[in-house]
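Single-structure report; data block below.
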Amino acid sequence: MILATHALTGAVIGKNITNVPLIILTSLSIHFLMDSFRHGEYFDSRVAKIKNTWWKVALDLLIGLSLIILLVYFKTPSPIETERMFIGAFFSLLPDSLTLMYWAFRENILLAKIKSFHSWAHHYSRFPKYSPERQWNLRNASNDIFISAFAILILFFL
């Protein structure tokens, strides 16, 4: 899943659950569940590297967090509800952040174990690296689109 989808889903969790430890546990669990769905990858070609893909990651994160900030601005939830939404978004994004840290600090055993579990959760990562199942296209992005739209609906209208 893309970062915006994870952030929006975490915000929905935080908006609807009042127990902070449960928000954290649910956000982390849902992250790994959503990663098991078919979705495209930023590294969708043999030449894509982090140095020419960072802008996609930044834009994705900016869109997700901007939507949450817009919600807070226009819907004015209570400060506690706002805090819970950002806690949910943070913990929904955490596994991807830890994977990025693993790439920077490969010697860290804890990060390696987290990265290994994260890779296991990506069912479609078992397909060859450049297979159609992992490409960035509408078919593979449909889960992101549906989940993000549903999260926006819940955040703004329910």
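The values are calculated or read from the model by the stated rules, or taken from the named source; none is laboratory data. Note that the structure is a prediction, hence the values are computed from the model and not measured. Every residue, glycine among them, receives a Cβ derived from its backbone with ideal geometry; neighbour counts consider all protein chains shown.
I'm trying to understand the selection: among the residues of the range 1-44, which are surrounded by fewer than 20 Cβ atoms within 10 Å (Cβ to Cβ) and in a helix (DSSP H, G or I)? Reasoning before the result, please.
Looking only at the range 1-44, we keep the residues that are surrounded by fewer than 20 Cβ atoms within 10 Å (Cβ to Cβ), and these are 16-22, 25, 28-29, 32-34, 36-38, 41-44.
The answer is Asn16, Val20, Pro21, Leu22, Leu25, Leu28, Ser29, Phe32, Leu33, Met34.
Take the residues in the range 106-118 that are touching a helix residue (DSSP H, G or I) at 6+ places or on another chain (Cβ under 6 Å) and not basic (Lys, Arg), then tell me which one is nearest to Ser29 (Cα to Cα). Step through it out loud before you land on a result.
Here is the first cut: in the range 106-118, the residues touching a helix residue (DSSP H, G or I) at 6+ places or on another chain (Cβ under 6 Å) are 111, 114-115, 118.
Remaining after also requiring not basic (Lys, Arg): 111, 114, 118.
Working: Leu111: 17, Ile114: 13, His118: 11 Å.
Per the stated criteria, the residue is His118.
Might you let me know whether the range 123-135 holds any residue that is over 13 Å from Ala7 (Cβ atoms) and at pLDDT 90 or above? Give the derivation first.
As a first pass, look at the range 123-135 and keep what is over 13 Å from Ala7 (Cβ atoms): 123-135.
When the remaining residues are screened for being at pLDDT 90 or above, the result is none.
No, there is no match, as no residue in the range 123-135 is over 13 Å from Ala7 (Cβ atoms) and at pLDDT 90 or above.
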Yes or no: Ala104 over 29 Å from Arg139 (Cβ atoms), surrounded by fewer than 16 Cβ atoms within 10 Å (Cβ to Cβ) and either at pLDDT below 95 or of a type in the set (Ser, Thr, Tyr) (or both)?
yes
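Every residue, every condition in (1) among the aliphatic types (A, V, I, L, M); (2) within 25 Å of Pro21 (Cβ to Cβ); (3) in a helix (DSSP H, G or I), yes or no:
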residue: Tyr73; (1), (2), (3): no, no, yes
residue: Ala89; (1), (2), (3): yes, yes, yes
residue: Leu93; (1), (2), (3): yes, yes, yes
residue: Thr99; (1), (2), (3): no, yes, yes
residue: Leu110; (1), (2), (3): yes, yes, yes
residue: Phe117; (1), (2), (3): no, yes, yes
residue: Trp120; (1), (2), (3): no, yes, yes
residue: Arg139; (1), (2), (3): no, no, yes
residue: Phe146; (1), (2), (3): no, no, yes
